[in-house]
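Worksheet for the structure shown next.
The values are calculated or read from the model by the stated rules, or taken from the named source; none is laboratory data. Worth saying up front: this structure is predicted, and the values here are computed from it rather than measured. Here the Cβ positions follow ideal geometry from the backbone for every residue, glycine too, while neighbour counts run over all protein chains shown. The area values use the complete protein model at the heavy-atom level, side chains included, leaving out ligands, DNA and RNA. Shrake-Rupley method; radii C 1.70, N 1.55, O 1.52, S 1.80 Å.
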Amino acid sequence: MLPRSRTLPSRIHQGIIEERHDIRHYLQVDVQPNNTPKETEVINIQANYSKCFDDDGRLKRTGTFWTATAHIITAVIGSGVLSLAWAVAQLGWVAGPVVMFLFAVVNLYTSNLLTQCYRNGDSVTGHRNYTYMDAVKSILGGKKVKLCGLIQYVNLFGIAIGYTIAASVSMMAIKRSNCYHKSHGEDPCHMSSNGYMITFGIAEMIFSQIPDFDQVWWLSIVAAIMSFTYSSVGLSLGVAKVAENKTFKGSLTGISIGTLTQAGAVTSTQKIWRSLQALGAMAFAYSFSIILIEIQDTIRSPPAEHKTMRKATTLSITVTTVFYLLCGCMGYAAFGDNAPGNLLTGFGFYDPYWLLDIANLAIVVHLVGAYQVFSQPLFAFVEKWSARKWPTSNFVTKEYEIPIPFCGVYQLNFFRLVWRTIFVLLTTLVAMLIPFFNDVVGILGAFGFWPLTVYFPIDMYISQKKIPRWTSHWLGLQMLSICCLIISLFAAIGSMAGVVLDLKTYKPFKTSY
């Protein structure tokens, strides 16, 4: 294991810690006897440099429309899709699909505004913002940067917790399904979720050592395929269940007062809380704006990055919205007021049970990738900050080359190894403490939707485009922001009420199914 000759401090460019390779490896220059390059060769240097490096000095970005689409689909079609049948059941046949569609429209609109914030000023030659927080800092500045960073990174941490819970639920579903069929229904197959969360955490410890966001593109493509797999299975089983029932269950106004649930009969107050919680679940299902800039920073140009990203966003949200509406509505049609918080668990030990096993396995694989897509920006933030704070520390900055057979050379950094391992341990521990899937999803959706998906993109767009106050355009954007703020507040109240109800029967580390 040999230390690399360069450390992070030698790779600081305009305040950003960057991976810089020696350009002599790429530029072939013949030198005259007086050790000066010929004029024609100077031109070739510039030409070769532009082939290997982008305008900011970084190695050429290689992302495309398809890799960006895969990243977005991986981020959007997450575990949130599994709670949509439950969310529609709380709102009913009228409000459920309408609210879901409105969330899609708002996300598409604000995401397109955000894509134009990747570069300051000119959309082709302007200074790049590598992260969501960089965009807020360069366009808005002030205290808003710290507020944005706090909200964004707390939300990313929370999403990692939510994905750990969701993955454990799916792994248990596979185990319980096989246990039930093996015992021919005689064994109730109760089990704890803790072991499965630990298993998922170990897998994430390994994948978290992938150094950079642009190196997880293959994981995103696999995860996107998996998301379509389990969404399609859930949709197909919903259709089969409706055909078996020979009717569409549900009502125009959603779950009825008096319906028996695990927490008891639904009261009029609980009906309100559950409806508000459903808003948070739908908001969470579309939460990807917090990593949109990071995804955009992987895209090559020309054409301009915002053009490619706008197309990728439009396709991704369109496709996922169709899936969401189908899964949410068919799940509600199949189960009515008894729609489960996790759609696939509602089919119990359905035959052929192997089909449900495949779907749950696809969820686990997808969540392994989605966990990385959402965690990489947080990893990068902490590591860049640490490198600036302790630029002379070998523990923080030095990298070691480890040859891996058939895979090339892995760059090992001890700080990255320790910090990312601690991060995964923390998310796993918190997930074991609060394994409330629906409530966690609702809180995360409510907490991150308005500030990260609506407020900051609109505020940055207004500032960058210099839209005058009190014009019709400015008023329209502000009205959209205020409406979304109200929805987020209502969703947060409903989700917190759900947590309070769960805590009445909760015992730490004792959760079992």
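Placing a label point 7 Å from the Cα of residue 425 along the Cα-to-Cβ direction, the residues of segment 149-168 with a backbone N closer than 19 Å are 157-158, 160-161, 164.
Farthest towards the positive end of the charge dipole of segment 103-252, among the residues 235, 121, 206, is the Cα of 121, using unit charges on the Cβ of Lys, Arg, Asp and Glu. Each residue of segment 226-241 is assigned a 3J(HN,Hα), and the resulting list reads 4, 5, 5, 4, 6, 5, 5, 5, x, 5, 5, 5, x, 4, 5, 5 Hz, derived from the Karplus form 6.51 cos²θ - 1.76 cosθ + 1.60 (θ = phi - 60°), x at Gly and Pro.
The calculated FRET efficiency for the pair residue 418 and residue 465, based on their C-beta separation and a Förster distance of 35 Å, comes to about 0.20. Distance between Cα centroids, segment 84-110 to segment 405-422: provide it in whole Å. Centre-to-centre distance over Cα atoms comes out at 42 Å.
Which of the three applies to segment 382-438, rounded, prolate or oblate, going by the alpha-carbon gyration tensor with a ≥ b ≥ c and a/c under 1.5 meaning rounded? Oblate shape, in that a/c is at least 1.5 and b/c is the bigger or equal ratio. Peptide packing for 82-89, 317-324, 417-424 was compared via the average number of neighbouring C-beta atoms within 10 Å per residue; ordered from the highest value, the list is 82-89, 317-324, 417-424. Residue separation of residue 94 and residue 125 scaled by 0.36 nm, minus their Cα-Cα distance, works out to 6.5 nm of gained length. For residue 304, no residue has an amide H sitting under 5 Å from its own, ignoring neighbours fewer than 5 places away on the same chain, with H placed 1.01 Å from N. Between residue 267 and residue 153, the simple label model (points 7 Å from Cα in the Cβ direction) yields a spacing of 4.1 nm. Could you state, as a whole-number percent, how many of the C-alpha pairs of segment 446-501 are farther apart than 18 Å? Pairs farther apart than 18 Å: 41 percent. Sorting the segments 102-115, 142-155 by their mean number of nearby beta carbons within 10 angstrom, highest to lowest, gives 102-115, 142-155.
Summing +1 for each Lys or Arg and -1 for each Asp or Glu among the other residues whose beta-carbon sits under 14 angstrom from that of residue 157 gives 0. Each Lys and Arg contributes +1 and each Asp and Glu -1, all at the Cβ; summed about the Cα centre of segment 265-409, the dipole is approximately 540 debye. In order along segment 478-484, the phi-based Karplus estimate (6.51 cos²θ - 1.76 cosθ + 1.60, θ = phi - 60°) of 3J(HN,Hα) comes to 5, 5, 4, 5, 5, 4, 5 Hz; Gly and Pro are listed as x. Between residue 413 and 400, the built amide H atoms are under 5 Å apart, and every one of these is 5 or more places off in sequence or on another chain.
Computed from the C-beta positions of residue 62 and residue 358 and an R0 of 35 Å, the FRET efficiency is 0.60 to the nearest 0.05. Assuming a ≥ b ≥ c are the square roots of the Cα gyration tensor eigenvalues, decide whether segment 104-181 counts as rounded (a/c under 1.5), prolate (otherwise, with a/b larger than b/c) or oblate. Prolate. Solvent-accessible surface of protein heavy atoms, probed at 1.4 angstrom with all chains present, puts 174, 299, 257 in the order 257, 174, 299, largest first.
Between 138, 160, 95, the Cα set farthest toward the positive side of the dipole of segment 76-194 (charges on each charged residue's Cβ, about the Cα centre) is that of 138.
When a/c is below 1.5 the answer is rounded, else prolate if a/b is larger than b/c, else oblate, so apply that to segment 374-491 with a ≥ b ≥ c taken from the square roots of the Cα gyration tensor eigenvalues.
oblate
The alpha carbons of segment 297-421 occupy a box of 61, 39, 33 Å along the principal axes, longest dimension given first.
Per residue, the accessible area of segment 107-204 comes to 40 Å², computed with a 1.4 Å probe over protein heavy atoms only.
In sequence order, segment 161-176 has phi-based couplings of 5, x, 5, 5, 5, 4, 5, 5, 4, 5, 5, 5, 4, 5, 5, 5 Hz under the Karplus curve 6.51 cos²θ - 1.76 cosθ + 1.60, θ = phi - 60°, and Gly or Pro positions carry x.
With the simple model of a label 7 Å out from the Cα in the direction of the Cβ, residue 394 to residue 206 spans 3.0 nm. Only Cα sites of segment 57-148 enter the Debye sum here, all with the same form factor; the resulting log10 I(q)/I(0) across q = 0.13, 0.21, 0.24 1/Å is -0.68, -1.15, -1.26, listed in q order. Taking the square roots of five times each eigenvalue of the Cα gyration tensor of segment 239-348, the equivalent ellipsoid has semi-axes of 37, 18, 11 Å, listed largest first. For residue 53, the amide hydrogen comes within under 5 Å of the amide hydrogens of 60, counting only partners 5 or more places away or on other chains and with H modelled in the peptide plane.
Label-to-label distance for residue 183 and residue 382 is 4.0 nm, based on points extended 7 Å past Cα in the beta-carbon direction.
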